[in-house]
Amino acid sequence: MPETLRALIVDDERRARQSVRSALADQPDVEVVGEASTVDEAADHVRRSAPDVIFLDVQMRTENGFDLLKRVDRPIQVIFVTAYDEYAARAFEVNALDYLLKPIGPDRLTEALNRARASASSLPQQQSSAASNAFRYDDVFLCDEGHRPRFVRIQDIVYIQADGNYTELHLLDGDTVLTLTALHTWEQRLPDAHFARIHRSTIVQIGCVDRMESTPNATYEAHVPTRDTPLAVSRRRGAALKEHLSPPSG
């Protein structure tokens, strides 16, 4: 982990930036390397200052914090800071460390910074792109779904299905998110302790499988919430999934 976390504060309100800077002043290992009031300024700061983490407002006067993420061409950790809690329920594609509501409580700030510290120390400087994009089970990611950027919690994904060149994320609340991420990329990025490929076109969250049933042709079906019909499980992958679902002996 770097000895000091280099932080950039992005908010169109000066008092809001000062509030975040003041809160970070109590953190001896955090250095504020810049402030920005617009996406253009923030993108320039990212290029010049190479911060480790951005404290990013969502809703600014004429812009959206999500617009900055489309312009950043290097891996960077983002902690969203906003007065609008409705964005937290939505979701994907760029990893977000945390989502803090204004005014920031000291405990939540400490929790978010601990995530940033852990993320900075979890992988070596020269990490592979696949490893750097891996999700933790408690991660939240940003998905630019058309013109509706939204957040998705990894733990809220029940199953993922291929749909032509797209993939559909089926969530616990019954909502569906269409993404351009290929199924094999999801398989590489999702934590394998919680997710399993059960078919050439399907990944399921293991903990969301209510039960499995065999079929006459020696394959299986997996029953999950939010879906009336079971998911097909290939013969080859069915035994492995059953092992995951079996209670430990003894």
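General remarks:
- The residue of the stretch 42-76 that is farthest from S119 (Cα to Cα), among those that are without any contact (Cβ under 8 Å) to a residue 24 or more places away in the chain and outside any loop (DSSP other than H, G, I, E, B), is D44.
- Per-region count, the stretch 231-248, residues among the hydrophobic types (A, V, I, L, M, F, W, C), open to solvent by 40 Å² or more (accessible area, probe 1.4 Å) and either at pLDDT 90 or above or more than 26 Å from T185 (Cβ to Cβ) (or both): 1
- Residue count, the stretch 1-23 (criterion: within 24 Å of the chain's Cα centre (by Cα), crowded, with 20+ Cβ neighbours inside 10 Å and either under 14 Å from A116 (Cα atoms) or not charged (D, E, K, R) (or both)): 6
- Test: residue in the stretch 27-45 that is at pLDDT below 85, at negative phi and of a type outside the set (D, E, K, R): no
- Qualifying positions in the stretch 212-230 - assigned to a loop (DSSP other than H, G, I, E, B) and surrounded by 13 or more Cβ atoms within 10 Å (Cβ to Cβ): T215, T219, V224, T226, R227, P230
- Pair list, Cβ under 9 Å, 6 or more apart: the stretch 100-120 residue among the β-branched types (V, I, T), other residue modelled with pLDDT under 90: I104/V81; I104/A112
The values are calculated or read from the model by the stated rules, or taken from the named source; none is laboratory data. Given the structure is predicted, the values throughout are model-derived calculations rather than measurements. Note: ideal-geometry Cβ built from the backbone for every residue, glycine included; neighbour counts use all protein chains shown. With ligands, DNA and RNA removed, areas are computed over all heavy atoms of the protein, side chains included. Shrake-Rupley method; radii C 1.70, N 1.55, O 1.52, S 1.80 Å.
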